[in-house]
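Report on the structure given below.
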Amino acid sequence: MTKAIQIKQHGGPEELSLVDVNVGEPGPGEIRIRHHAVGLNFIDVYQRTGLYQLPMPLTLGMEGAGIVEAVGEGVTHLKPGDRAAYASNPPGSYSEARVMPAKCVCRLPDAISFETGAAMMLKGLTAQYLLRRTLPVQGLKEGDFVLFHAAAGGVGLIACQWAKALGLQLIGTAGSDAKCALAKAHGAAHAINYSTEDFAARVKDITGGKGVKVVYDSVGKDTWDKSLECLQPFGLMASFGNASGPVAPFSPGILGPKGSLYVTRQTLFTHIATREATQAMADELFAVVQGGQVKIRIDQRYPLADVQQAHRDLEARKTTGCTILTL
């Protein structure tokens, strides 16, 4: 038996309960991992509320780090005793230990702590696929402007640093002056407080009227329409989250007059569908973290048993950087 956080029905943070669960032996292609730390992400909220529907009872959590305890048949890249970290489906990381598919679990370099590993996998791999794989039709080159919403969040602060390392001019948005200052301190070339400023007008001002090549948007409903106004002709609107609610249905016909724009809805789990892709992306993430170009900022730590408060703070946008649950 081991402790885990489960929900029995969709709802608010009060649905999160600490329960005892059985953890068995790994089957073919699986491992059993004992967590040292677990990451908290907005996708956990979507799954708790029912925006993303999953079978019940549900153990939440998409990323974690710890020690491999056992491996199933066919698993060759990991062995018992390995330090490991992951971002992976299905959910289940809000637990002391779990059995899970091995394909998205990577050996964690000795130079990276368990807490950092738990904090960075989902958010760091998301930043990787956005800046390195989700590109406008004309590509991105040194000096290009990109717009990144929620730039002081976990993904955002990683993206600010990584974009700077790539020579991009990242314009970050956030909901307070303090969060804007945080984004700039982590490499954003410009920061806009979208609670007090018209970010579309500021983007046009910053770019001399040209707009940006790509908008990376995890906010959704509240930022969608003005984000389209920020794009150059042939620009890319890359949606990867819905923190303010889902984007309302829209007619593709509006994209033509706005500059023959492109729109995509991205998800990490398409990018990490294979063992090879997961490892290649993780290797690039590990390299920029170990090289110092990207520092993983953990601003909030909660014991696993305090997960309800962690969810309340995340939804209230009281958090910055990364948040972890400790065991």
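Does residue 3 satisfy the criteria of being surrounded by 15 or more Cβ atoms within 10 Å (Cβ to Cβ), more than 17 Å from residue 272 (Cβ to Cβ) and of a type in the set (D, E, K, R)? Judged against the criteria, residue 3 is a match. Mind checking whether some residue in the range 175-182 is more than 29 Å from residue 325 (Cα to Cα) and either in contact with a Pro (Cβ under 7 Å, 6 or more places away or on another chain) or modelled with pLDDT of 95 or more (or both)? Within the range 175-182 (the criterion being more than 29 Å from residue 325 (Cα to Cα) and either in contact with a Pro (Cβ under 7 Å, 6 or more places away or on another chain) or modelled with pLDDT of 95 or more (or both)), the answer is no, since none of the residues qualifies.
With the condition kept exactly as written, say whether any residue in the range 267-288 is within 23 Å of residue 124 (Cβ to Cβ), assigned to a loop (DSSP other than H, G, I, E, B) and of a type outside the set (S, T, N, Q). Checking the range 267-288: at least one residue is within 23 Å of residue 124 (Cβ to Cβ), assigned to a loop (DSSP other than H, G, I, E, B) and of a type outside the set (S, T, N, Q). Considering the range 247-270, and only residues there that are aromatic (Phe, Trp, Tyr) and farther than 21 Å from residue 48 by Cα, the residue that is surrounded by the fewest Cβ atoms within 10 Å (Cβ to Cβ) turns out to be 250. From the list 204, 213, 226, which residue is modelled with pLDDT of 95 or more, basic (Lys, Arg) and in contact with a Pro (Cβ under 9 Å, 6 or more places away or on another chain)? On inspection, the qualifying residue turns out to be 213.
In a loop (DSSP other than H, G, I, E, B), assigned by TED's automatic domain parsing to the domain that holds residue 299 and in contact with a helix residue (DSSP H, G or I) (Cβ under 9 Å, 6 or more places away or on another chain): is that true of residue 78 in this structure? Please lay out each step first, then the result.
Numbers: in a loop (DSSP other than H, G, I, E, B): yes; assigned by TED's automatic domain parsing to the domain that holds residue 299: yes; in contact with a helix residue (DSSP H, G or I) (Cβ under 9 Å, 6 or more places away or on another chain): no.
No.
Given the structure, is residue 38 of a type outside the set (Asp, Glu), in contact (Cβ under 8 Å) with a residue 40 or more places away in the chain and out of contact with any helix residue (DSSP H, G or I) (no Cβ under 9 Å at 6 or more places or on another chain)?
Working: of a type outside the set (Asp, Glu): yes; in contact (Cβ under 8 Å) with a residue 40 or more places away in the chain: yes; out of contact with any helix residue (DSSP H, G or I) (no Cβ under 9 Å at 6 or more places or on another chain): no.
The answer is no for residue 38.
Here residue 290 meets the list (1) in contact (Cβ under 8 Å) with a residue 60 or more places away in the chain; (2) surrounded by 14 or more Cβ atoms within 10 Å (Cβ to Cβ) almost entirely, failing just condition (2).
The one condition from (1) more than 25 Å from residue 183 (Cβ to Cβ); (2) buried (at least 20 other Cβ atoms within 10 Å of the Cβ) that residue 305 does not meet is (2).
Contact map, the range 193-209: residues that are touching a residue at least 24 places away in the same chain (Cβ under 8 Å) paired with residues that are of a type outside the set (A, V, I, L, M, F, W, C) and outside any loop (DSSP other than H, G, I, E, B), Cβ distance under 7 Å, separation 6+ or inter-chain. Pairs shown: 194/173; 199/173; 199/226; 200/226; 200/229; 206/190. For the range 38-59, a tally of residues being in a strand (DSSP E or B), in contact with a Leu (Cβ under 7 Å, 6 or more places away or on another chain) and among the aliphatic types (A, V, I, L, M) returns 2.
Residue count for the range 215-246 satisfying the condition of being surrounded by 16 or more Cβ atoms within 10 Å (Cβ to Cβ), over 18 Å from residue 153 (Cβ atoms) and hydrophobic (A, V, I, L, M, F, W, C): 5. Considering every residue within the range 123-140, establish whether at least one is more than 30 Å from residue 73 (Cα to Cα), among the hydrophobic types (A, V, I, L, M, F, W, C), touching a strand residue (DSSP E or B) at 6+ places or on another chain (Cβ under 6 Å) and at pLDDT 95 or above. Yes, the range 123-140 has at least one match. Among the residues of the range 226-261, those that are more than 17 Å from residue 172 (Cα to Cα) and part of a helix (DSSP H, G or I) comprise 252, 253, 254, 255.
Is one or more of the residues making up the range 93-101 surrounded by 24 or more Cβ atoms within 10 Å (Cβ to Cβ) and not in a loop (DSSP other than H, G, I, E, B)? Yes, that holds for at least one residue.
Quickly run through the range 249-269 and pick out the residues that are among the aromatic types (Phe, Trp, Tyr) and without any contact (Cβ under 8 Å) to a residue 40 or more places away in the chain.
Initial filter on the range 249-269 (among the aromatic types (Phe, Trp, Tyr)): 250, 262, 269.
250 - this is the single residue of the range 249-269 that is among the aromatic types (Phe, Trp, Tyr) and without any contact (Cβ under 8 Å) to a residue 40 or more places away in the chain.
I need the full set of residues from the range 132-178 which are over 21 Å from residue 292 (Cβ atoms), in a loop (DSSP other than H, G, I, E, B) and not β-branched (Val, Ile, Thr), in order please. 135, 136, 138, 139, 140, 141, 143, 144, 149, 150, 175, 176, listed by residue number.
The values are calculated or read from the model by the stated rules, or taken from the named source; none is laboratory data. Model, not experiment: these values are computed from the prediction. Here the Cβ is made from the backbone with ideal geometry for all residues, glycine too, and neighbour counts use every protein chain on show.
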